[in-house]
Amino acid sequence: DGYHQTSQGQLMNNFVSGAVGGFAGTVLNTPFDVVKSRIQGATKVPGVTPKYNWTYPALATIIREEGVGALYKGFVPKVLRLAPGGGVLLLVVEFTLGIFRQ
């Protein structure tokens with residue numbers, strides 16, 4: 001029966017699924033993380049509107065001035081941390097749920 005997996009196969013499937021989810025989440029989240037850092041790092045000058053003030057206008061400003069690649073600054077270290085972390089998280093969740101199912 002091709003449907004039932006070995007315990008080791010199930011673990012690998014869960015880890016890979018979690019890692020793919022971690023990768024996808026990082027791809028979607030990194031531009032917003034860059035914008036958040038720009039907004040938080042802006043110096044406040046009384047009476048002057050900061051260059052990075054709101055999320056979507058800041059995204060447009062970064063793309064216009066620096067290109068789309070600038071939205072992915074710090075992507076590699078972040079994905080190297082979060083993709084495997086997503087895999088481990090899914091393993092722990094499935095293991096814990098397995099205990100409670102018994």
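Using a 1.4 Å probe and counting only protein heavy atoms, arrange 51, 36, 44 so the residue with the most accessible area comes first.
These residues rank, largest area first, as 44, 51, 36.
Please arrange 75, 32, 100 by accessible surface area, largest first, computed with a 1.4 Å probe and ligands excluded.
100, 32, 75
If you roll a 1.4 Å probe over the heavy atoms of the protein chains, what accessible area per residue do you get for the chain, in Å²?
Accessible surface, normalised per residue, equals 72 Å².
Return a whole-number percent for the relative contact order of the chain, with Cα pairs under 8 Å and 6 or more residues apart as the contact set.
Answer for the chain is 46 percent.
The values are calculated or read from the model by the stated rules, or taken from the named source; none is laboratory data. On a predicted model such as this, the values are computed, not experimentally measured, just so you know. What goes into the accessible areas is simple: the full protein's heavy atoms, side chains included, and nothing from ligands, DNA or RNA. Shrake-Rupley method; radii C 1.70, N 1.55, O 1.52, S 1.80 Å.
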